[in-house]
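Contents: one structure, followed by commentary.
Every number here is computed from the coordinates shown, using simple stated rules; none is lab data. On a predicted model such as this, the values are computed, not experimentally measured, just so you know. Note: ideal-geometry Cβ built from the backbone for every residue, glycine included; neighbour counts use all protein chains shown.
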Amino acid sequence: MVSTMQQLRHSLHQAPELSGTETHTAATVAAVLSTYGPDELYTEIAGCGVLARFAGSRPGPRVMLRCELDAVPIQETNEFEYRSMHDGVSHKCGHDGHMAILLETARRLCEQRPESGEVMLLFQPAEETGVGAAAVRDDPVFQEFQPDYVFALHNIPGYALGTVVVREHAMCCASRGLIICMEGQTAHAAEPECGVSPTTTVVELIDFFQEIQARYAKPGDEVVLLTLVGASIGNRTFGNTPKHAEIFVTLRSEDNATLDSIDEEVRARARELCEQRGIACRFEVDDSFPATRNAPEAVEFIRQACKINAVECIEPPQPIRWSEDFGHFTELATGALFALGAGEDHANLHESHYDFPDELIDRGADMFLAIIEQVQQAIRTGRAQSVA
């Protein structure tokens, strides 16, 4: 039997919206939250964001739980009844499920307010493009309610359904989309020596990406990846040599400083090669994410929440390779992001036939509520610094 919260998740799945345009999604979330009687409800946070506050009866820590509103530009290939109604847009990262988890958490908080402090539920826009968390951080409403602790979750295929995956320090990699734009000089295709083609430079730079990555290939080294995601050279004009070229590369590392270092190394090599050949060179950046780093104290709260809920807790030796802009919040407050296993054989994130497992809705809410209790208990017993 499909529960009310599962039905809500399905309705969110049917009406996905891209980053920064989540107006209908935000309105749906706000309407549902209003029925749960939060002490305060704010909308239009950093654009489409929604923030609900549930206050306890005594002073205490301010705990923020966060989920995402946005979908991705992928055509859904599922044929079930609640499939996406919007061509080329779908919830292939499971944000519809993450919203359902946080709404279920709100429903339970309505029935039983926190004993002390307060709980903030943030429904964040524009996670997929890496700009949402930073925009929320800078929003005046959010700055008025700076959290003491921050937590979030993300489903993760490849792990048994409902298991928790978490680790201290680096949890998700930093990443940056770097675009290298080059412009030479065209010539007749019969006289290529009269032009300045960027083709050789493109090939050498792609080889250089592999050289950098190979330095970090030893076991135990930090994760470093330079992934070529696209390249464009010239046009479909067979009488001319190419003048323009672009390289699209995703830089990835578990450490922000390392990411900056390899970024500058790639730029320096590109400038050097272009200068040698008389090619103009410029750079653009897109989809930039900081590393998400988990505080050991926050991870311990998650471990204890797993014990309370009789959930297996897996601590992998390396961080998750994909990126999350939640790192902007863990830079502000003590916090952690953990993952919920979506199933060992479940479709991967961003695959066209992926769908969020409904079974995780209650599991996620169970974890969030247990984490809140662990934070409050740690403050009461002096195991954590009081923020009252």
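The residue of segment 167-186 that is surrounded by the most Cβ atoms within 10 Å (Cβ to Cβ), among those that are under 24 Å from Asp325 (Cβ atoms) and hydrophobic (A, V, I, L, M, F, W, C), is Cys173. Here the condition is being in contact with a helix residue (DSSP H, G or I) (Cβ under 7 Å, 6 or more places away or on another chain) and in a helix (DSSP H, G or I); of Phe356, Phe368, it holds for Phe368 alone. If you go through segment 132-146 one residue at a time, do you hit one that is more than 24 Å from Leu8 (Cβ to Cβ), basic (Lys, Arg) and in contact with a His (Cβ under 6 Å, 6 or more places away or on another chain)? Among the residues of segment 132-146, at least one is more than 24 Å from Leu8 (Cβ to Cβ), basic (Lys, Arg) and in contact with a His (Cβ under 6 Å, 6 or more places away or on another chain), which makes the answer yes. Look through segment 275-286, keep the residues that are of a type outside the set (Lys, Arg) and surrounded by fewer than 17 Cβ atoms within 10 Å (Cβ to Cβ), and return whichever of them is nearest to the chain's Cα centre (by Cα). Among them, the one singled out is Asp286. Only a single item in (1) assigned to a helix (DSSP H, G or I); (2) under 32 Å from the mean Cα position of the chain (by Cα) is not met by Cys181, and it is number (1). Entry remark, segment 1-53: residues being in a strand (DSSP E or B) and either without any contact (Cβ under 8 Å) to a residue 24 or more places away in the chain or in contact with a Ser or Thr (Cβ under 6 Å, 6 or more places away or on another chain) (or both) number 5 in total. Residues that are closer than 30 Å to Ser352 by Cβ and surrounded by fewer than 24 Cβ atoms within 10 Å (Cβ to Cβ) were ranked within segment 32-75; the one that is nearest to the chain's Cα centre (by Cα) is Val72. Restricting to segment 234-255, and then to whatever is crowded, with 18+ Cβ neighbours inside 10 Å and in contact with a Pro (Cβ under 7 Å, 6 or more places away or on another chain), can you tell me which residue is nearest to Ala170 (Cα to Cα)? It comes out as Glu254. Annotation note: of Pro157, Pro140, the sole residue that is surrounded by fewer than 24 Cβ atoms within 10 Å (Cβ to Cβ) and more than 21 Å from Thr43 (Cα to Cα) is Pro157.
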